[in-house]
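Step one of this worksheet: look at the structure below.
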Amino acid sequence: MTSRAGVRAAVTNGSDFKNRERIAPHYQMSASLKAEIRKLNVVQLLIWLLVAAQVTVSHFDLVSHDTVSMPYQWEYPYLLSFLPLLFSSLSLPKNNISYLVISMISAGLFSVAPLIYGGMEMFPVAQQLYRHGKAYRFIFGFSAVTVMYLIMVVAVQVHAWQLYYMKKLLDSWFDATQEKKKK
C-alpha cells in the first residue's frame with residue numbers, strides 16, 4: 001500500500017509489477033468455462049422449450065395436426081434432458097463436482113442418446129421425403145422431419161460443446177482440489 005506522506009519506492013517506472021499477486025490459472029479457466037456453460041445452458045433450455053412446446057401443443061390439440069404434427073418417439077425421452085440442465089446449473093455456483101458429474105452422465109443418457117435414436121427413427125421418413133418428395137407430417141407448413149433434423153443438428157452441437165466444457169471444468173476443479181491436498 002502506498003502512503004500519501006511517506007517514502008516512495010525508488011523504481012516506479014512500471015517495472016515493479018512482477019511481485020504483485022495474480023489470479024491462479026485454474027481460477028481464470030474455471031470462470032471462463034462457467035460462462036460458456038451458462039451460455040450453452042440457455043441455448044439448451046431454448047431447444048428444450050421448442051420440443052416441449054411441440055409435444056404439449058400436439059397432445060392437448062391446441063392447434064390442428066395439420067399445423068403441428070404428432071411428436072416422434074425420441075422427443076419424449078428428450079424431455080428428460082431438463083435434468084442435466086438442472087444439475088449443471090446447480091453445480092456452477094459452488095463448484096460442486098458431484099452435480100457436475102451427474103450432469104455429464106445424465107446428458108449422455110437423456111440428451112445425446114435420444115438424439116441418436118431420433119436420427120435413426122426419422123431416417124426412413126427423411127429418405128422418403130428426399131427421394132420421392134412426399135412428407136406426411138408438417139410443422140407450420142414445413143416438413144416435420146426437416147424441422148426436427150435442424151433442431152437435432154443444433155442440439156447435438158450444443159450438447160457436445162457442453163460435455164467438452166464440463167469435462168474441462170471438471171479437470172480444472174479436480175486439479176485445484178489436488179493442489180490443496182498437496183499443501
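The values are calculated or read from the model by the stated rules, or taken from the named source; none is laboratory data. Everything numeric in this text was worked out from a predicted model, so none of it was measured. As a convention, Cβ positions derive from the backbone with ideal geometry for all residues, glycine included, and neighbour counts pool all protein chains shown. When the accessible area is computed, the model is the full protein with side chains, heavy atoms only, and any ligands, DNA or RNA have been set aside. Shrake-Rupley method; radii C 1.70, N 1.55, O 1.52, S 1.80 Å.
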### Looking only at segment 56-84, and only at residues there that are more than 12 Å from Phe138 (Cα to Cα) and of a type in the set (D, E, K, R), the one that is most open to solvent (accessible area, probe 1.4 Å)
Asp61
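Hey, among the residues in segment 73-109 that are of a type in the set (Phe, Trp, Tyr) and not in a loop (DSSP other than H, G, I, E, B), which one's farthest from Thr56 (Cα to Cα)? Walk me through it before giving the result.
So in segment 73-109, the residues of a type in the set (Phe, Trp, Tyr) come out as 74, 76, 78, 82, 87, 99.
In the following step, the residues that additionally are not in a loop (DSSP other than H, G, I, E, B) were identified as 76, 78, 82, 87, 99.
Working: Tyr76: 11, Tyr78: 14, Phe82: 15, Phe87: 24, Tyr99: 29 Å.
Filtering first and then ranking leaves Tyr99.
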### Message
If Ile23 meets every condition in (1) open to solvent by 90 Å² or more (accessible area, probe 1.4 Å); (2) in a helix (DSSP H, G or I) apart from one, which number is that one?
### Response
(2)
### Query
Taking the stated definitions as given, is Ile37 closer than 30 Å to Asp175 by Cα and at pLDDT 95 or above?
yes
### Message
Which pairs turn up if I take residues in segment 115-136 that are among the charged types (D, E, K, R) and look for partners that are surrounded by fewer than 16 Cβ atoms within 10 Å (Cβ to Cβ) and in a helix (DSSP H, G or I) with beta carbon separation below 7 Å, at least 6 apart in sequence or on another chain?
### Response
Lys134/Gln128
#### Entry: Flag for Ile97 being touching a residue at least 60 places away in the same chain (Cβ under 8 Å) and farther than 24 Å from Thr67 by Cα
yes
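Yes/no matrix, rows are residues, columns are (1) small (Gly, Ala, Ser); (2) surrounded by 18 or more Cβ atoms within 10 Å (Cβ to Cβ); (3) touching a strand residue (DSSP E or B) at 6+ places or on another chain (Cβ under 7 Å):
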site: Pro114; (1), (2), (3): no, yes, no
site: Pro124; (1), (2), (3): no, no, no
site: Ala135; (1), (2), (3): yes, no, yes
site: Phe142; (1), (2), (3): no, no, no
site: Val156; (1), (2), (3): no, no, no
### Summary
Inside segment 34-72, the number of residues satisfying the requirement of being in a helix (DSSP H, G or I) and not polar (S, T, N, Q) is 21
### Task
From Lys94, Lys167, Lys181, grab the single residue that is exposed (fewer than 15 other Cβ atoms within 10 Å of the Cβ) and modelled with pLDDT under 90.
Lys181
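Assess whether Glu75 counts as being acidic (Asp, Glu), out of contact with any Pro (no Cβ under 8 Å at 6 or more places or on another chain) and either modelled with pLDDT of 90 or more or over 21 Å from Gln44 (Cβ atoms) (or both).
Numbers: acidic (Asp, Glu): yes; out of contact with any Pro (no Cβ under 8 Å at 6 or more places or on another chain): no; either modelled with pLDDT of 90 or more or over 21 Å from Gln44 (Cβ atoms) (or both): yes.
In short, no.
For the subset of segment 31-46 comprising residues that are among the aliphatic types (A, V, I, L, M), closer than 24 Å to Glu75 by Cβ and within 10 Å of the chain's Cα centre (by Cα), which member is surrounded by the fewest Cβ atoms within 10 Å (Cβ to Cβ)? Give the derivation first.
Filtering segment 31-46 down to residues among the aliphatic types (A, V, I, L, M) leaves 31, 33, 35, 37, 40, 42-43, 45-46.
Among the residues that remain, those that are also closer than 24 Å to Glu75 by Cβ are: 40, 42-43, 45-46.
The next check asks that each one be within 10 Å of the chain's Cα centre (by Cα); those that pass are 40, 42-43, 45.
Values: Leu40: 22, Val42: 11, Val43: 16, Leu45: 14.
Per the stated criteria, the residue is Val42.
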#### Entry: Failed condition for Tyr164, given (1) closer than 30 Å to Pro25 by Cβ; (2) in contact (Cβ under 8 Å) with a residue 24 or more places away in the chain; (3) hydroxyl-bearing (Ser, Thr, Tyr)
(2)
